[in-house]
Amino acid sequence: MSKYTEDDLREELKTKEYEYGFYTDIESDTFPIGLNEDIVKAISLKKEEPVWMTEWRLEAFRAWQEMEEPDWANVNYAKPDFQSIAYYSAPKSVDPNKTLDDVDPDLLAMYKKLGISVDEQKKMNNVAMDIVVDSVSVATTFKKTLSEKGIIFMSISEAIKEHPELVKKYLGTIVPQKDNYYAALNSAVFSDGSFCYIPKGVRCPMELSTYFRINQGGTGQFERTLLVADEGSYVSYLEGCTAPSRDENQLHAAVVELIAMDDAEIKYSTVQNWFPGNAEGKGGVYNFVTKRGLCEKNAKISWTQVETGSAVTWKYPSCILKGDNSVGEFYSIAVTNNYQQADTGTKMIHLGKNTKSTIISKGISAGKSQNSYRGLVQIGSRADNARNFSQCDSLLMGNACGAHTFPYIEAKNKTAQIEHEATTSKIGEDQIFYCNQRGIDTEKAIALIVNGFSKDVLNKLPMEFAVEAQKLLEISLEGSVG
Amino acid sequence: MLKINNLHASVEDKAILKGINLEVKPGEVHAIMGPNGSGKSTLSSVIAGKEEYEVTDGEIFFDEENIEELSAEERAHKGIFLSFQYPVEIPGVSVTNFIKTAINETRKAKGLPDMPANEMLKLIREKSELLEIDRKFLSRSLNQGFSGGEKKRNEIFQMAMLEPKLAILDETDSGLDIDALRIVASGVNKLKSKDNAVVLITHYQRLLDYIVPDFVHVLYNGRIVKSGGKELAHELEEKGYDWIKEEVNA
């Protein structure tokens, strides 16, 4: 086939004179813009998915069409035009002529501050890598260790092909297709993501994704993650990267589902650093994420997140504490600067007896940004002796930013114990002067104060990640106090 | 070491210091006394380089260098230390972490590498013993939930760690009971040498029983109206400040 343009494709889609098969002819790796059933089918086909998966996506799409974009969050932005987005593009390939010299120097300067290796930098900018024996062998060794323990860890596209029974059984059970507007959209068009299954009684011997970063490249804007920890197993999963991600896709809508069966434990840590827009508030990623986990008996799920990026963040990692004695935790640091807006928090749904949840949220606002904590603690009628402790602290820098706390509490059981503490403080000139007087300049003083403020959450991150995250906080707030 | 000529300073356009002259040489201890509102704390803030205070006239020389254009941290790097009357809290930052940062930032400014951890620990051990500080205290958040005495002792601990050339102690005695006062004062005395100098800013003579000054200055209405030896402090203790005010206003 000589030349097949998007216009040709659009024409074909319009006239609908085709069968599934014609897509194999397409040479272009990006679909035409817009979203309809045919696009959804085409995505599924491109990924060589089984019929049940295609149907599942279509069901989601039909639901999505009937839904409305939510507007209750404390954020203001121009609603995306969903018909002006391309919903599939193949992973970017390595350009053999590109070197790091071609990469934005600002970006490189930030990598340097974060201490990101040259190889990693190349990977993130689609620059061809030299063959590094070390990292290859490390990856191979770990892959072997995982498979020996029966752990499945692969992209969700691969999993749909290789372990359809598992994916089919669990996908959408925690975040149903129709859960919310963005989740429905994700279900219809998700590009890729990770799948992980930890067998009964297995303790995953490493932080997953530290070495693989399989969810780094080419997963695109609609990421889907499904993580199943079978009875008595343990896994710690790291998502994201402290390195700034610049993506031309403005809209990101990911879905993460966690299942912790009886006596299992999942630790899920995220560092989100999508492009926040420039200092004038132009550009920047809209990040609308649905993350939810289910805890069976004696199970535990911990969400830890460090959110520094995105122009708009809408994200509430939640726990359904279904099993008796199950535990849910949410530790969050959300930083907003310039014109960023974040509306983030959690939902702790207590259904089982003796369930416990802890929420520690640290919001840091600078510039002209708005930072909201929104959290729901719900105690069901059968959840005897449920306990929750919530602490929401806000730190303000300057006079033009805002911090908001929206706690919702619904208790249907008299034995529930719910505690909520909230504080708001401002980095004072007195604190800065005190540090200055001891020889600490203002920039460093802010970093020190912010790190102190965030310590309770930073401590929950795996060691390596914590150090990176700490640096990231400093960089995110650079220049925010004059 | 410190030479102040005809210093005028104001905050929010209100003149507070109205022509201060003061010279402090290495090895000396000066006490600056005066009634409330006379400008004592302003003087210490201006020397330390607090931005809200505007120097409208006069000069401050430190080691023969005019420091007017230097930021507060640059002055600190040169060896000026201010013990605060009201030390601020920094939640989540331990005393150890804070002082470590202060020392390493000062070293960085001098082109030195970070102090090795073992040296730092040794120094911390040494200085905390000197000031009878419980080591558990050092892992607490800076000044958070500290008693008045603990806050002041922490200030002197930091001074001991940073080893400044010039230490200005702003109302270090306020809020201290007698035992704490003795510990703080003996700490300051142990740190005194022929190469450094101390300026004590105080309302009462009490502290001067423990740290004996070479010179006493009385600050009133933004000016040093009387200077003398340590006996001047006793006179003030006996007679109060009214006779000074009368003398000035006469």
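The values are calculated or read from the model by the stated rules, or taken from the named source; none is laboratory data. Predicted, not measured: the structure shown is a model, and the values here were computed from it. Reconstructed Cβ throughout: ideal geometry from the backbone, glycine too, with neighbour counts over all protein chains shown. For accessibility, only protein heavy atoms count, side chains too; no ligands or nucleic acids. Shrake-Rupley method; radii C 1.70, N 1.55, O 1.52, S 1.80 Å.
So, with a 1.4 angstrom probe, what is the percent of accessible area on the protein assembly as shown that is carbon and sulfur?
48 percent
Among B:F146, A:V175, A:L396, pick out the residue whose Cα is farthest towards the positive end of the charge dipole of the protein assembly as shown, where Lys and Arg carry +1 and Asp and Glu carry -1 on C-beta, about the Cα centre.
B:F146
To the nearest 0.05, what FRET efficiency results for A:V51 and A:K200 with a Förster distance of 41 Å applied to their C-beta separation?
The calculated FRET efficiency here is 0.85.
Please compute the modelled spin-label separation between B:E246 and B:E51, points set 7 Å along Cα→Cβ, answer in nm with one decimal.
Once both label points are built, they end up 4.6 nm from each other.
Relative contact order of the range B:1-88, please, whole-number percent, based on alpha carbon pairs below 8 angstrom and at least 6 residues apart.
For the range B:1-88, the relative contact order is 34 percent.
In the neighborhood of A:V40, defined by Cβ-to-Cβ distances under 13 Å, what is the net charge if each Lys or Arg adds +1 and each Asp or Glu adds -1?
The answer is 0.
Determine the dipole magnitude for the range A:380-423: charges of +1 sit on the beta-carbon of Lys and Arg, -1 on that of Asp and Glu, nothing else is charged, the reference point is the Cα centre, and the result goes in debye to the nearest 20.
240 debye
Can you find, among B:I224, B:A197, B:S10, the residue farthest towards the positive end of the dipole of chain B? Put +1 on the C-beta of Lys and Arg, -1 on that of Asp and Glu.
B:A197
With Cβ to Cβ distances under 15 Å as the rule, what net charge do the other residues near B:K136 carry (K, R +1; D, E -1)?
0
Roll a 1.4 Å probe over the protein heavy atoms and report the accessible area of A:M463 in Å², nearest 10.
150 Å²
Can you compute the charge dipole magnitude of chain B about its Cα centre, using +1 on each Lys and Arg Cβ and -1 on each Asp and Glu Cβ, nothing else charged? Give it in debye, rounded to the nearest 20.
Here chain B has a charge dipole of around 780 debye.
For the pairing of chain B with chain A, what total accessible surface becomes buried, with a 1.4 angstrom probe, in square angstrom to the nearest 100?
Summing both sides, the interface buries roughly 2100 Å².
Per residue in the range A:441-472, which ones lose no less than 50 Å² of accessible surface when going from chain alone to all protein chains (1.4 Å probe)?
Buried-area filter returns A:L448.
I'd like the FRET efficiency for A:H404 and A:L166, computed as 1/(1 + (r/R0)^6) with the beta carbon distance as r and R0 of 60 Å, rounded to 0.05.
The pair A:H404/A:L166 has a calculated efficiency of 0.90.
For the range B:2-249, build the charge dipole from Cβ charges (+1 Lys, Arg; -1 Asp, Glu) around the Cα centre, then report which of B:L236, B:H30, B:Y210 sits farthest towards its positive end.
Working it through, the farthest residue towards the positive pole turns out to be B:Y210.
Can you tell me the equivalent ellipsoid semi-axes for chain B? Use √(5λ) from the Cα gyration tensor, largest first, whole Å.
Here the semi-axes work out to 30, 21, 16 Å.
Provide the net charge surrounding B:G19, with neighbours chosen by a C-beta distance below 14 Å and charges set as Lys +1, Arg +1, Asp -1, Glu -1.
Taking every Cβ under 14 Å from that of B:G19, the sum is 0.
Per residue, how many Å² of accessible area does the range B:2-249 show with a 1.4 Å probe?
46 Å²
When the helix-only estimate is applied to chain B (DSSP H runs of n ≥ 4, each -39,500 (n - 2.57), divided by the residue count), what is the mean residue ellipticity at 222 nm, nearest 500 deg cm²/dmol?
-11500 deg cm²/dmol
Could you give the size of the charge dipole of the protein assembly as shown about its Cα centre, using +1 on the Cβ of each K and R and -1 on the Cβ of each D and E, expressed in debye and rounded to the nearest 20?
That gives a dipole near 1940 debye.
Using a Förster radius of 41 Å, what is the FRET efficiency between B:N36 and B:S193 based on their Cβ-Cβ separation? Nearest 0.05, please.
Efficiency for this residue pair is about 0.80.
Under 8 Å for C-alpha pairs, at least 6 residues apart: give me the relative contact order for chain B, rounded to a whole percent.
Normalised by residue count, the contact order of chain B is 28 percent.
Mind pulling the per residue volume of the convex hull built on the Cα atoms of the range B:15-114? Å³ is fine.
So the per-residue Cα hull volume is 144 Å³.
Please give every one of the lysines within straight-line cross-link reach of B:K165, meaning a C-alpha to C-alpha distance under 16 Å, and leave out same-chain neighbours fewer than 8 residues apart.
The reachable lysines, counting only those whose Cα sits under 16 Å from B:K165, are B:K3, B:K25, B:K78, B:K110, B:K190, B:K192, B:K194.
If you take the alpha carbon radius of gyration of the protein assembly as shown and divide it by 2.2 N^0.38 Å, what ratio comes out, to two decimals?
With N residues counted in the protein assembly as shown, Rg over 2.2 N^0.38 Å equals 1.18.
Take A:T424 and A:E158, extend 7 Å from each Cα along the Cα→Cβ direction, and tell me the distance between the two endpoints in nm.
That separation, rounded to one decimal, is 4.8 nm.
Please work out how much accessible surface B:R182 shows to a 1.4 Å probe, ignoring ligands, DNA and RNA, in Å² rounded to 10.
Accessible surface of B:R182 is approximately 120 Å².
Give me the one-decimal nm value for the distance between modelled label points at B:R140 and B:D209, 7 Å along each residue's Cα-to-Cβ direction.
For the pair B:R140/B:D209, the computed spacing is 2.7 nm.
What base-10 log of the normalised intensity I(q)/I(0) is obtained for the range A:368-482 from the Debye formula, alpha carbons as equal point scatterers, at q = 0.18 Å⁻¹?
Here the Debye-derived log intensity ratios amount to -1.00.
Can you bin the range B:132-250 into rounded, prolate or oblate? Criterion: square roots of the alpha carbon gyration tensor eigenvalues sorted a ≥ b ≥ c, rounded for a/c under 1.5, prolate for a/b above b/c, oblate for the rest.
Prolate shape, in that a/c is at least 1.5 and a/b is the bigger ratio.
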